[in-house]
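The values are calculated or read from the model by the stated rules, or taken from the named source; none is laboratory data. Please read all numbers here as calculations on a predicted model, not as lab measurements. So basically every Cβ, Gly included, is an ideal-geometry build from the backbone, and we count neighbours across all protein chains shown. For the accessible areas, the whole protein counts, side chains as well, though only heavy atoms, and no ligand, DNA or RNA atoms are used. Shrake-Rupley method; radii C 1.70, N 1.55, O 1.52, S 1.80 Å.
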Amino acid sequence: MWYNAILLQPYEERSYTVTHAILLNAWDWAAIALFFALLAGIALFCSRRAGRDAKDFFLSGRSMPWWLIGVSMCAASTSTNSANMFTEFIRNSCLGENWKWWAFLLTGMMTVFVYSKLWVRSGAKSDIEFYELRYSGRAAAFLRGFRAVYLGVVFNVITTGLVMLAAIKIGQVLFGVNQWTVIAVTAACSVVYSALGGFRGAIYTDFFLFAIIMVGALAGMHYALALPQVGGFKAMMANPVVQAHLSFFPSLDTPDVFVAVFVIPVAIQWWNVWYPGSEPGGGGYIVQRMLSAKSENHCVAGSVLYQVINYAIRPWPWYLTAFASLIVFPDLASLQKAFPHIDPALVKGDLAYPAMLTFVPNGWLGVVAASMMGALFSTVAAHLSMGSNYIANDFWKRFVRPNADERELIRVGRWTAVLLMVLSGLLAPVLVSAGAVFNLILQIGAGTGLIYLLRWFWMRINAWSEITAMAVSFVVAVFLQLVYPQLGLPPLAAWHRLLIVMAVTTTAWVGVTLLTPPTDAAKRAAFQNKIRANRHDIAWGLLAMTVACVCIYAMMFASGFWIYGKTALAATMTVVAALSGVALVPVLRNLNRKDADTVG
């Protein structure tokens, strides 16, 4: 029975074999109850205003300040899958395997300094509406409708299912609850607060959720380091097993790994791969939050805040917990032995993080559980909000009911959120590993990123260019993932498949661009007049991006070196971060000058 819990034992005497769910005491339930009460209160507070009109429901009335936007982006990007995936990367090789997503800082900073103002000036309600602002004819209409369904439903369901996979593993490891219970609770809570409070409710709730997420992460880290077998922070950092995984860069002794997790992400992936939340040029829930800003300056400041927190501050509690897991659970066999009731198919490196949370004692366990639910709900709600916006504004109003009034669009948005949650809940149990799904999503988006960067400036690009890129990348990725292994041919590493998809997709869409006519002149002129892209902004924006990336990467390295106790390196990186931050000020001053020539 569930009440035969491991936490009935003293903390120091817990067995490594966890065959029952963990018992929550009164303090734990009080923490969880307070969490749900605050969540419901925020949604109810925002519900009346969210129901007034579609602009407020989907974009919070374009009135959000920079600090709320930045924290909301962090919360939306922080899912239950985040800590699990980072842990899997570290256990696979070393901390440096996180370059698979650290490289996306380059994408993010380019979006901040080159594209964020263009998105605000476009006046779009979503990044899908962009297609008919930029392109013309039936191809543009088809692209908008198809992309709304493809991203709003198909990709949203896959991404949300991946997030829920992590929640299922945490639920089974910590509390012994079955997957359908986890799915039902997630569905009920996420749908209620995202559908009731609208986007304004999501933004406000994100601020609260991110605070809870970080408190829970710090608590999990503290108790992981306090384990007798870990021996505290200093003992852990001196442990040879941990030292082998501390490097910020993969070893050159394994060239295949070095190329796959560092060279490819830094040289190619960040600008040529579409990935949810890190779209080249911006897209998805990041653009939705940009478009909710009260001004261009608030949009830029919020986006910068997000990048600083996301890369330099947020992940370190999870990294340290992952290092501790290497001592407590050195391999998959030890994880399976400790959790014999877990389906062996789910026992991957990402299971180690929830496994470490089983050592958190009562009282704090409720806070950690609330933080996990916060990470889950914030990301799921971000995808539900984005998907409902796509379907209501870019599909329903555009193609089904052009005369739909504000209340009808809000109803469609709310019912869409429910449908997306149901589909994601059905998909989640089919998935297995966070890292495997991450790689598959990268491959499906490979080769499309460059088009999203150039379409604002290269007016030769048309709707058929984007249709080709989207179709070819999907077909080639699925072929390499599902069909190629059955042909008896030599196996391909993940990065080999990524490069193949990139090369084929880029060749295809560039060829189609040159062989098909451009968008009509009037549409191109109207688009250029609206976004007012100019050479001055591009040049200074790229310089700002470069300086800002140096600053944030230096901050990230400085944080790590201070934690590692490498004082000289830490001081050096701190100075580099400070100097690049100072150097950014005059660059931004020049970027914001108004005298410039529009790009033709």
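Structural remarks
- Protection-proxy order for peptides 102-109, 83-90, 217-224, each taking the mean of Cβ atoms within 10 Å per residue, highest first: 83-90, 102-109, 217-224
- Taking the chain and dividing mean pair separation by its residue count, relative contact order in percent (alpha carbons under 8 Å, at least six apart): 26
- Applying 1/(1 + (r/R0)^6) with R0 = 41 Å to the Cβ-Cβ distance of ASP256 and ALA26 gives a FRET efficiency near 0.20.
- Sequence-distant residues sharing a close amide H with ALA446 (under 5 Å, placed H): TRP274
- Paramagnetic reach from THR516 in the stretch 126-156 [backbone N under 18 Å; point 7 Å along Cα→Cβ]: 128-151
- Distance between the pseudo-spin-label points of ALA583 and VAL266 (7 Å out from Cα toward the beta carbon): 1.7 nm.
- Taking the average, over residues, of other Cβ atoms within 10 Å as the packing measure, peptides 345-352, 511-518 rank 345-352, 511-518 from highest down.
- Vicinal HN-Hα couplings computed from phi for the stretch 539-544 (Karplus, 6.51 cos²θ - 1.76 cosθ + 1.60; Hz; Gly/Pro x): 4, 6, x, 5, 5, 4
- Full-stretch length increase - TRP415, ALA184 - with 0.36 nm per residue and alpha-carbon distance subtracted: 81.5 nm
- When the C-alpha to C-alpha distance is required to be over 32 Å, the pairs from LYS169/LYS234; LYS234/LYS337; LYS337/LYS566; LYS294/LYS397; LYS117/LYS348 that qualify are LYS337/LYS566; LYS117/LYS348.
- Within the chain, helix-based [θ] at 222 nm, where runs of 4 or more DSSP H residues each add -39,500 (n - 2.57), nearest 500: -20500 deg cm²/dmol
- Normalised by the number of residues in the stretch 278-428, the mean separation of alpha-carbon contacts (under 8 Å, six or more apart) gives a relative contact order of 18 percent.
- Accessible-area value, ASP253, 1.4 Å probe, nucleic acids and ligands omitted, Å²: 140
- Residues with amide H under 5 Å from that of ARG314, placed H, sequence gap 5 or more: none
- Here the spin labels are modelled as points 7 Å beyond Cα on the Cα-Cβ line, and at ALA503 and TYR150 they lie 2.3 nm apart.
- Each of ARG532, ARG497 has its accessible area taken with a 1.4 Å probe; listed largest first, they run ARG532, ARG497.
- Backbone amide hydrogens, once placed in the peptide plane, bring ASN534 within less than 5 Å of VAL599, excluding anything fewer than 5 places away on its chain.
- Length added when fully stretched, LEU34-ALA235, from 0.36 nm per residue minus Cα-Cα: 68.7 nm
- Highest mean first, the peptides 401-413, 449-461 sorted by other C-beta atoms within 10 Å per residue fall in the order 449-461, 401-413.
- Chain lengthening between GLN243 and ASP405 when straightened (0.36 nm per residue, less Cα-Cα): 52.3 nm
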